[in-house]
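Novice: Structure below; questions to follow.
The values are calculated or read from the model by the stated rules, or taken from the named source; none is laboratory data. Predicted model only: the values in this text are computed from it and were never measured. Every residue, glycine as well, gets a Cβ built from its backbone with ideal geometry; the counts of neighbours run over all protein chains shown. Protein only, heavy atoms only, side chains kept; ligands, DNA and RNA dropped before computing areas. Shrake-Rupley method; radii C 1.70, N 1.55, O 1.52, S 1.80 Å.
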Amino acid sequence: MSARVASPAVGGRSPSDPVRALQHALYRAAKADPGRRFHALGDKVHRRDVLARAWSMVRRNDGAPGIDSVYLGQVEEYGVSRLLGDLAAELKDGRWQPLPARRVFIPKPGTSEQRPLSIPAVRDRIVQAALKIVLEPVFEADMLPCSFGFRPRRGAHDALQVLIDESWRGRRWVVETDIANCFEAIDHEKLMHAVEERVCDQSVLKLLRAMLRAGVMEDGQVRRPVTGTPQGGVVSPLLANVFLHRIDRAWETRQHGVLVRYADDAVVMCATRAQAEAALERLTCLLADLGLEPKAAKTRIVHLEVAGEGVGGRGKVQVCGQSSPG
């Protein structure tokens, strides 16, 4: 594939940046031993420099308040260092408990549908960001080249370049789909099993379970479903990738074609119509094993032709043509 390969996780080691150095060390340790389960991560989540970096990430992304109605500006009035000290103490003592996220609905561009968005409280976003800082390099060491969404130094343009390259190599039959309600449908227990393949630190697992069980508040009512890593959570895209990585590693390119996955969107480049049909069947089975399914309205098999319609959910490959239902 001609897309860029992600370099060690989240940037190179810098002596003047201890957080980057920590991430690099975690990535190298995970890469060197694919069977290692990390048992000492909790103390890194409540490190003050990690929490400070987490605050910077949350502040940069801006965003609305959670159900506690606390804005980012109010945190600054309270004192960022003071709040981070509070969080560090709560995390160290095992007292931190997240609030339910505030549920809102936003329109999906180009459709009449609405997408649920869950907005955690600012203090909870900081903890999620700290967890992401520590966990991402561990799981990034395992991620495969077919995955592009929400990963360091990878993006939609890289995924689209693979589609273009593979089409010119003769893979002109394409399966295109996305996963129905993916972020809402991920089973919590199955997700935790996926996380536990690499993490055995009970303090970190307890934090993740608390986040998943915090639930959402909608119309004044708190719901705590047993599925979902809600869209809007800082750590949710990483957790979704950890879960869907099971599809990536089970995929057989020679048999079923080249898989390109961007979070919950998937495209498979195939050499023949028969291979594309087999690929769709295989993808459907792998999703079913995870308790997921393709979204029927977004699933199709496309035969690429010059100057036809495009494929690719986050951009279009312009070598494309007639389609038939998947």
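Novice: Answer yes or no as to whether Ala52 is touching a helix residue (DSSP H, G or I) at 6+ places or on another chain (Cβ under 7 Å), free of Cβ contacts under 8 Å to residues at least 60 places away in the same chain, under 24 Å from Leu84 (Cβ atoms) and among the small types (Gly, Ala, Ser).
Specialist: yes
Novice: Another question about this same structure. For the range 156-186, enumerate the residues that are open to solvent by less than 10 Å² (accessible area, probe 1.4 Å) and in a loop (DSSP other than H, G, I, E, B).
Specialist: Scanning the range 156-186 gives a single hit, Ile186.
Novice: Count, please, the residues in the range 223-255 that happen to be hydroxyl-bearing (Ser, Thr, Tyr) and part of a helix (DSSP H, G or I).
Specialist: Looking only at that region, the number is 2.
Novice: May I ask you to list the residues in the range 119-137 that are among the aliphatic types (A, V, I, L, M) and more than 13 Å from Arg53 (Cβ to Cβ)?
Specialist: If the condition is that a residue be among the aliphatic types (A, V, I, L, M) and more than 13 Å from Arg53 (Cβ to Cβ), then Ile119, Ala121, Val122, Leu135 are the ones that fit.
Novice: Please work out if Lys108 is surrounded by fewer than 17 Cβ atoms within 10 Å (Cβ to Cβ), of a type in the set (D, E, K, R) and modelled with pLDDT under 95.
Specialist: For Lys108, the condition - surrounded by fewer than 17 Cβ atoms within 10 Å (Cβ to Cβ), of a type in the set (D, E, K, R) and modelled with pLDDT under 95 - is met.
Novice: Which numbered condition trips up Gln23, out of (1) open to solvent by 20 Å² or more (accessible area, probe 1.4 Å); (2) within 14 Å of Leu131 (Cα to Cα); (3) among the polar types (S, T, N, Q)?
Specialist: Checking Gln23 against (1) open to solvent by 20 Å² or more (accessible area, probe 1.4 Å); (2) within 14 Å of Leu131 (Cα to Cα); (3) among the polar types (S, T, N, Q), the one that fails is (1).
Novice: Return yes or no: is Gly315 surrounded by fewer than 17 Cβ atoms within 10 Å (Cβ to Cβ) and either over 30 Å from Val235 (Cα atoms) or at pLDDT below 95 (or both)?
Specialist: It is true that Gly315 is surrounded by fewer than 17 Cβ atoms within 10 Å (Cβ to Cβ) and either over 30 Å from Val235 (Cα atoms) or at pLDDT below 95 (or both).
Novice: Any chance the range 117-125 includes a residue that's part of a loop (DSSP other than H, G, I, E, B), within 25 Å of Ala185 (Cα to Cα) and free of Cβ contacts under 8 Å to residues at least 12 places away in the same chain?
Specialist: Within the range 117-125 (the criterion being part of a loop (DSSP other than H, G, I, E, B), within 25 Å of Ala185 (Cα to Cα) and free of Cβ contacts under 8 Å to residues at least 12 places away in the same chain), the answer is no, since none of the residues qualifies.
Novice: Could you list all residues from the range 187-202 that are part of a loop (DSSP other than H, G, I, E, B) and open to solvent by less than 20 Å² (accessible area, probe 1.4 Å)?
Specialist: Listed by number, the residues that qualify are Arg198, Asp201.
Novice: Please determine whether any residue of the range 104-112 is without any contact (Cβ under 8 Å) to a residue 24 or more places away in the chain, in contact with a strand residue (DSSP E or B) (Cβ under 9 Å, 6 or more places away or on another chain) and among the basic types (Lys, Arg).
Specialist: yes
Novice: Something else about it: Somewhere in the range 44-67, is a residue at pLDDT 95 or above, surrounded by 20 or more Cβ atoms within 10 Å (Cβ to Cβ) and small (Gly, Ala, Ser)?
Specialist: Yes - at least one qualifying residue is present in the range 44-67.
Novice: State the number of residues belonging to the range 121-132 that are within 20 Å of the chain's Cα centre (by Cα) and open to solvent by 10 Å² or more (accessible area, probe 1.4 Å).
Specialist: Residues flagged as within 20 Å of the chain's Cα centre (by Cα) and open to solvent by 10 Å² or more (accessible area, probe 1.4 Å) within the range 121-132 amount to 3.
Novice: List pairs: first in the range 155-179 and touching a residue at least 12 places away in the same chain (Cβ under 8 Å), second of a type in the set (D, E, K, R) and assigned to a helix (DSSP H, G or I), Cβ under 6 Å, 6+ apart or cross-chain?
Specialist: Here the result reads Trp173/Arg273; Thr177/Lys298; Asp178/Lys298, each pair linking the range 155-179 to a residue that is of a type in the set (D, E, K, R) and assigned to a helix (DSSP H, G or I).
Novice: Now for a different question. With free of Cβ contacts under 8 Å to residues at least 40 places away in the same chain, assigned to a helix (DSSP H, G or I) and under 15 Å from the mean Cα position of the chain (by Cα) as the only criterion, which of Leu135, Leu208, Leu212 stands out?
Specialist: Leu212
Novice: Considering the range 203-230 alone, what residues qualify as being surrounded by 17 or more Cβ atoms within 10 Å (Cβ to Cβ) and hydrophobic (A, V, I, L, M, F, W, C)?
Specialist: If the condition is that a residue be surrounded by 17 or more Cβ atoms within 10 Å (Cβ to Cβ) and hydrophobic (A, V, I, L, M, F, W, C), then Val204, Leu207, Leu208, Met211, Leu212, Ala214, Val216, Met217 are the ones that fit.
Novice: While we're looking at this one, here's another question. Out of (1) surrounded by fewer than 19 Cβ atoms within 10 Å (Cβ to Cβ); (2) at pLDDT 95 or above; (3) touching a strand residue (DSSP E or B) at 6+ places or on another chain (Cβ under 9 Å), what's the single condition that is false for Asp33?
Specialist: Failed condition: (3).
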